[in-house]
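Visitor: Please read through the structure below; I'll follow up with questions.
The values are calculated or read from the model by the stated rules, or taken from the named source; none is laboratory data. This structure is a prediction, so every number in the text was calculated from the model and none was measured. Glycine also receives a Cβ, built like all others from the backbone with ideal geometry; neighbour counts cover every protein chain displayed. Calculation scope for accessible area: heavy atoms of the full protein, side chains included, ligands and nucleic acids excluded. Shrake-Rupley method; radii C 1.70, N 1.55, O 1.52, S 1.80 Å.
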Amino acid sequence: MSNIYYLCPDSNEPIGGIKVLYRHVDVLNKNNLKAFILHQKKDFKCSWFENETKISYFTDIQFAPDDYLVIPEVYGPKLSSLAPGIKKVVFNQNCYYTFLSYSLDKAATNTP
């Protein structure tokens, strides 16, 4: 069975988009899918709201070919460099952040 990893910023500030990521993972798990919030900092977990969300860390996982990485739109141009070869889904909560920091140069090659 595939794992679904939701890349989440390591921020413990009250940000609605982060809470939505956690909630999505909870809903997927309640529906018998294997989903995890994926943080970069070891042992980090948002504590500004109650949750029992499953958490994984980049340092602890190895993606399998059938895994999915869900990436929030705020990662912008970095989308193409994250976990090469893994299936990705862009989770777009704010269309105004989607292309933030993208170059307008037609020669830019890092556009996913």
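Visitor: Count, please, the residues in segment 31-90 that happen to be in contact with an Asp or Glu (Cβ under 8 Å, 6 or more places away or on another chain) and under 22 Å from A108 (Cβ atoms).
Guide: Final tally of qualifying residues: 1.
A quick yes/no check of all residues on (1) over 26 Å from M1 (Cα atoms); (2) surrounded by 15 or more Cβ atoms within 10 Å (Cβ to Cβ); (3) free of Cβ contacts under 8 Å to residues at least 24 places away in the same chain; (4) in contact with a Phe, Trp or Tyr (Cβ under 8 Å, 6 or more places away or on another chain):
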| site | (1), (2), (3), (4) |
| --- | --- |
| V27 | no, no, yes, no |
| K34 | no, no, no, no |
| K42 | no, no, yes, yes |
| T59 | no, no, yes, no |
| L69 | no, yes, no, yes |
| L79 | no, yes, no, no |
| C95 | yes, no, yes, no |
| L100 | yes, no, no, no |
| L104 | yes, no, yes, no |
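Visitor: Any chance segment 73-95 includes a residue that's polar (S, T, N, Q), more than 14 Å from the chain's Cα centre (by Cα) and either at pLDDT 95 or above or on the phi < 0 side of the Ramachandran plot (or both)?
Guide: yes
Visitor: Where in segment 39-110 are there strands (runs of 3 or more DSSP E), lying fully within it, with 2 or more residues that are hydroxyl-bearing (S, T, Y)?
Guide: The strands (runs of 3 or more DSSP E) meeting that bar are 55-57.
Visitor: May I pose another question? Working only within segment 44-56, note down all residues that are open to solvent by 30 Å² or more (accessible area, probe 1.4 Å) and either over 15 Å from N12 (Cβ atoms) or in contact (Cβ under 8 Å) with a residue 12 or more places away in the chain (or both).
Guide: The answer is F44, S47, W48, N51, E52, K54, I55.
Yes/no per residue for (1) under 22 Å from L82 (Cβ atoms); (2) among the aromatic types (F, W, Y); (3) in contact with a strand residue (DSSP E or B) (Cβ under 8 Å, 6 or more places away or on another chain):
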position: I18; (1), (2), (3): yes, no, no
position: Y22; (1), (2), (3): yes, yes, yes
position: V27; (1), (2), (3): no, no, no
position: K30; (1), (2), (3): no, no, no
position: K41; (1), (2), (3): yes, no, yes
position: W48; (1), (2), (3): no, yes, no
position: S56; (1), (2), (3): yes, no, yes
position: T59; (1), (2), (3): yes, no, no
position: F63; (1), (2), (3): yes, yes, yes
